[in-house]
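Below is one structure, written out as C-alpha cells; comments come after it.
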Amino acid sequence: MSRKSWADLYAFEVTRPSRDPVFRQVYQQIRMAILTRRLRPGTKLRSTRELARELAISRAAVVAAYEQLLAEGYASATSGSGTYVSSDLPDASAENVASKKRPVSAIKSIGAPADAFNFVDVTVQSDGRPFNLGRTLVDARTIEQWRKASARAFRSLSDIHFGYSDPRGMIELRAAIGDYLRAARGVRCDPEQIVVTAGTQHAIDILARVLPSADKEVWVEDPGYPLTRQSLVAAGARVRPIPVDKQGLNVGSGIKAAPKARAVFVTPSHQFPTGIVLSMARRLELCSWARQTGAWIVEDDYASEFRYGGRPLASLQGLDDSERVIYVGTLNKALFPGLRLGYAVVPRELLRPFVAARYLMDRQPPTLCQAVVAEFMEEGYFAAHIRRMRLAYREQRDALVAALKRRLGAYLDVDAPDQGMHLVAYMRPGLSDVRIEREARQSGVIVRAMSPLYVAARARPGLMLGFSGYPRAMIAPAVARLADVIQKQIVSMPAALRRRPAPPNSSAIRRSL
C-alpha cells in the first residue's frame, strides 16, 4: 500500500453539540494526527468532499479546516493533485509528543484543559504591518510631553519607587483615572475602587479567578473577543456563547440558555468584532437580570475614547445602581500598547478578593511608569492627546473606507464605524475570509477573518481591518495589495459564484445579524 493512502485509514469524528465549531474539531484532529506522526509527512489527505461526506458535515467546514492547516504550515497544496501533510515539519516521535502532554488528572486539578492554551496565537498582535488590530500612533507633541512627564517623575524620585507599594496602584494615578472616567464615561467610582492592571486582558484573567466558583457558568458574546473566552476556559468556567444581533448581546437568548449564569462578559460601547452598540433597552435589561440573579456584568470598554460621531451611550457601570458591574478599561489603546497599564473599577463586594488575586500574580504594578502616566494625565496632556488622535484616526478611517470602496466595492460591504479602531468589511458569498487572511499576510497585509470568531452562531464571513495605527500614506498601497489577493480568489471561483450579485448594504446586514 502506498504512503499516500494511509490517510484513508485514519478515522475522524465530529461531536454535536460541542463548544468548538465543526471546522475547529476537524482541524484539531488532523493537526494532532500530524504531530503524533500517525499521518506521516507527504501523506495525501482525503479530498474535502470525501471527508465532508464521511463526517456528514458541510464541505465548507472541511475547507476551513484545511485552510487553517495550510496557513499554519501543517499541510501543503499541489494544484490539480490535492492536499498533503507537509514534508518539512521537524521530526518528532509520537512518544516525544505524548511526553509533553500533562496527565489528565493534573489538568483537571487546576481546572484548565490543555487545549485552552494550545491555540492561543501569541505572535499575531506584534506584527506592525497594516491593517493589524490594536495599533496606535503617537505624534511629535505627545512624544515631547511624555519626555517632560518622564523627566519630572525621575527628578522627584520618592521612597515609593524603592520599595513595595499598594497592589491597587499609586493613589495619584488612581485618582487621575477616576477623574477621567467620571468626566468622559459617567462612571461612578472613587480611587479606593480602582485597581491598576497591565491591561484589559489582565483584569479579565483576575476576574476569571475570583468570580464565584460554585457554578461558574458565564455568558460571552458570539461572535466575540477570543482571548476573553480562552481566559475563561483556562480558568475552568463553563462558557455559554450568546448571539449578537443588531441591538448587541441578545439578553433574552442568554436568559433562556443559561438563566443561572454567574457573569456576563460584554463589550457594549463597540462590540468586538462587529462594532454594534448595545442598545439602551438591552443595557437596562442586562442590569435588571444581574440585579435579580446576583450575577456580575464585566463591561470591557476598550477604545471608548475614540468616538467619531455623536455622543456615546452612558457606560453600563454608570447606569447600574446595585453595584453588579465591573468596569474594565485600558490606557494601552489610548496611548500605546507597550505601556502595559489598564484599570478595573471593582464593586466593593469583590474588591478584596480582586486585590488579593492581583497581589498574588505580580505583587504590584511598576511605580515609575505609573508616576509618569499620572503626571501626563494631571497636566492635561492625556486629554489633548485623545483629541488629536481622535481627529487623526477619523481621517485614517475615512481614507481606508474610501480606498476599500474604490478598489473592492463590488466584493466587500463596508461603512465607516462611529467608534473604535477597526472596521468590518463583510464579503460576498463564495469568498473565504480565512483564505484571504492567509494569502494577504503573504502579500504583506494583515487582516483578520471574522468567521473563526463565531462559536455557535451562524458565521458571517468578513474581514477586520485596523485603521488607527497607520499613516494615511500607507493605506492606499496596502488596500491595492489586498485587492489583488481578493481578485485572484474571485477568478478561481466557479462561474456561478462569480455571477452572484454584490453583497447587500450594511444596514441590511445588521438587520440580519
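Read-outs: derived from the displayed coordinates by stated rules, not from any lab. Every value quoted in this text rests on a predicted model; they were computed, and no experiment measured them. With ideal geometry, Cβ positions are generated from the backbone for all residues, glycine too; neighbour counts draw on all protein chains shown.
Quick notes on this structure:
- Karplus-derived HN-Hα couplings along the stretch 392-405 (A = 6.51, B = -1.76, C = 1.60, θ = phi - 60°), whole Hz, x at Gly and Pro: 5, 5, 5, 5, 5, 4, 5, 5, 5, 4, 4, 5, 5, 5
- Residues in the stretch 340-354 carry Karplus couplings, in order, of 6, 9, x, 7, 9, 9, 10, x, 4, 5, 9, 4, 4, x, 5 Hz; the curve used is 6.51 cos²θ - 1.76 cosθ + 1.60 with θ = phi - 60°, and Gly or Pro positions show x.
- Stretching D321 away from E13 to a fully extended chain increases their span by 106.0 nm, per 0.36 nm per residue minus the current alpha-carbon distance.
- Under a 5 Å amide H cut-off, with hydrogens placed 1.01 Å from N, R238 pairs with E217, V218 among residues at least 5 apart or on other chains.
- Shape category assigned to the stretch 251-363 from the gyration tensor of Cα positions, a/c cut at 1.5: oblate
- Bins of 5 Å, starting at 0 and running to the largest distance - Cα pair percent for the stretch 146-247: 2, 10, 14, 14, 16, 16, 13, 6, 5, 3, 1
- Full-extension gain in nm, Q442 to R129, via 0.36 nm per residue minus C-alpha separation: 111.5 nm
- Summing charges over neighbours of F354, with a neighbour being any other residue whose Cβ is under 11 Å away from its Cβ, gives +4 when K and R count +1 and D and E count -1.
- With K and R counted +1 and D and E -1, the other residues having a Cβ less than 9 Å from that of A295 yield a net charge of +4.
- Inter-label distance, L313 to A383: 2.7 nm, where each label sits 7 Å from its Cα along the C-beta direction.
- Per-selection Rg to Rh, the stretch 294-417 - Cα, Kirkwood hydrodynamic radius: 1.06
- Long-range tail of P(r) for the stretch 193-326 (Cα pairs > 22 Å, %): 31 percent
- Out-of-range pairs (alpha-carbon distance over 23 Å; input K405/K488; K216/K246; K216/K256): K216/K246
- Karplus 3J(HN,Hα) series, Hz, for the stretch 194-201 with 6.51 cos²θ - 1.76 cosθ + 1.60 (x for Gly, Pro): 8, 10, 7, 10, 8, x, 5, 5
- Tail beyond 12 Å, pair distance distribution of the stretch 406-458 (Cα, percent): 72 percent
- Scoring 272-281, 71-80 by mean Cβ neighbours within 10 Å over their residues and listing the highest first yields 272-281, 71-80.
- Summing +1 for each Lys or Arg and -1 for each Asp or Glu among the other residues whose beta-carbon sits under 10 angstrom from that of D321 gives +1.
- Shape summary: the stretch 332-487 maps onto an equivalent ellipsoid whose semi-axes, from the alpha-carbon gyration tensor, are 37, 22, 14 Å in decreasing order.
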